[in-house]
1. For region 186-228, name all the residues that are assigned to a loop (DSSP other than H, G, I, E, B) and of a type in the set (D, E, K, R).
2. If you go through region 137-156, how many residues are hydroxyl-bearing (Ser, Thr, Tyr), buried (at least 19 other Cβ atoms within 10 Å of the Cβ) and in contact with a strand residue (DSSP E or B) (Cβ under 7 Å, 6 or more places away or on another chain)?
3. Identify, please: which residue in region 160-179 is surrounded by 22 or more Cβ atoms within 10 Å (Cβ to Cβ) and among the β-branched types (Val, Ile, Thr) and is, among those, nearest to the chain's Cα centre (by Cα)?
4. Do you know which residues across region 12-37 are surrounded by fewer than 14 Cβ atoms within 10 Å (Cβ to Cβ) and among the charged types (D, E, K, R)?
5. Looking at region 47-100 only, could you name the residues that are without any contact (Cβ under 8 Å) to a residue 12 or more places away in the chain and not in a loop (DSSP other than H, G, I, E, B)?
6. Regarding GLU205, is this residue closer than 22 Å to ALA76 by Cβ, surrounded by fewer than 17 Cβ atoms within 10 Å (Cβ to Cβ) and of a type in the set (Asp, Glu)?
7. Taking the condition of being surrounded by 13 or more Cβ atoms within 10 Å (Cβ to Cβ) and either under 17 Å from the mean Cα position of the chain (by Cα) or not hydrophobic (A, V, I, L, M, F, W, C) (or both), how many residues in region 76-94 meet it?
8. Could you check region 131-167 and list, in sequence order, the residues that are out of contact with any Lys or Arg (no Cβ under 9 Å at 6 or more places or on another chain), in contact (Cβ under 8 Å) with a residue 40 or more places away in the chain and closer than 20 Å to TYR92 by Cα?
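The values are calculated or read from the model by the stated rules, or taken from the named source; none is laboratory data. Since the model is a prediction, treat every value here as computed from it, not as a measurement. Heads up, the Cβs are rebuilt from the backbone with ideal geometry, glycines too, and the neighbour counts pull from every protein chain shown.
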Amino acid sequence: MTAINLIDQADTLNRQLAALDLAGRLSLVAGLGGHAVFTTSLGIEDQVITAEIGNHRLPIEVATLQTGRLFPETLALINETEAQYDLHIVRYEPEQADINAYAEKYGLNGFYESVEARHACCGVRKLKPLARALSGATIWVTGLRRGQSANRADTPYAEYDPERNLIKVNPLADWDIDAIRAYVADNSVPVNPLHARGYPSIGCEPCTRAIKPGEPERAGRWWWENDEKRECGLHVHEEAAVAAQ
């Protein structure tokens, strides 16, 4: 399908999804045909989507980027989630050769030293595995929400991703954190215990801290950098995308 056709399809889908609840949104996506992949970080919003996919047995692949630097609590939650919803979460890991090359150039924890080094680490541990996870996919489902950060304030329900030539669907775009927590409580969804310790957004252990009262949800990610809109490159086309080539 051409880029123009995908752009038109994404625009139509964006309008359709706006009128539906979460179950309706995911059911519509699952019924489009093709290969849909949901990439989960096992964060609280992603757990909501996984619960809907598992409970309704939707034909959407659930995948995660097992970066090699995740919190033990996150790794344990992968197994717990699979057991609760009787589904398989496909793990995509970085290549050891890429990790070795990164460590030789920057040092294993060189991401603290410069933005370039941090982007390069995300490229090796997240962007390259993501490319494998989305290989052959026609739809990419994410847990992006407008309330997560200033950089995500305009997140649509569906959009064309030109870099990957597919449609990206964000079914929780208009959900706030209170709605997420209410769903989790009402449906006994397993969540990362780190959320209760002040970690609303959880990534790799060396790059995530608890936030302070009043800080944005993603303030604990790469906190040593000054840019309030900092991202790893999964959802923003920045230098990290180049580093992953």
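1. Of the residues in region 186-228, the ones assigned to a loop (DSSP other than H, G, I, E, B) are 188-192, 198-203, 209-220, 222-228.
Once the filter is applied, which keeps residues that are assigned to a loop (DSSP other than H, G, I, E, B) and of a type in the set (D, E, K, R), region 186-228 yields ARG209, LYS212, GLU215, GLU217, ARG218, GLU225, ASP227, GLU228.
2. At the first step, the residues of region 137-156 found to be hydroxyl-bearing (Ser, Thr, Tyr) are 138, 142, 149, 155.
From what is left, the residues that are buried (at least 19 other Cβ atoms within 10 Å of the Cβ) are 142, 149, 155.
Applying the additional criterion that residues be in contact with a strand residue (DSSP E or B) (Cβ under 7 Å, 6 or more places away or on another chain) yields 142.
Total satisfying the criteria: 1.
3. VAL169
4. Correct list: ARG15, ASP21.
5. Here is the first cut: in region 47-100, the ones without any contact (Cβ under 8 Å) to a residue 12 or more places away in the chain are 57, 72, 75-76, 79, 82-83, 96-97, 100.
PRO72, LEU75, ALA76, ASN79, GLU82, ALA83, GLN96, ALA97, ASN100, listed by residue number.
6. Details: closer than 22 Å to ALA76 by Cβ: yes; surrounded by fewer than 17 Cβ atoms within 10 Å (Cβ to Cβ): yes; of a type in the set (Asp, Glu): yes.
Here the answer is yes, as GLU205 does meet what is asked.
7. Applying the first criterion (surrounded by 13 or more Cβ atoms within 10 Å (Cβ to Cβ)) to region 76-94 yields 76-78, 80-82, 84-85, 87, 89-94.
Checking the rest, the ones that are also either under 17 Å from the mean Cα position of the chain (by Cα) or not hydrophobic (A, V, I, L, M, F, W, C) (or both) come to 77-78, 80-82, 84-85, 89-94.
Count: 13.
8. Residues satisfying the conditions are ARG132, ALA133, GLY136, THR138, GLY143, GLU163, LEU166.
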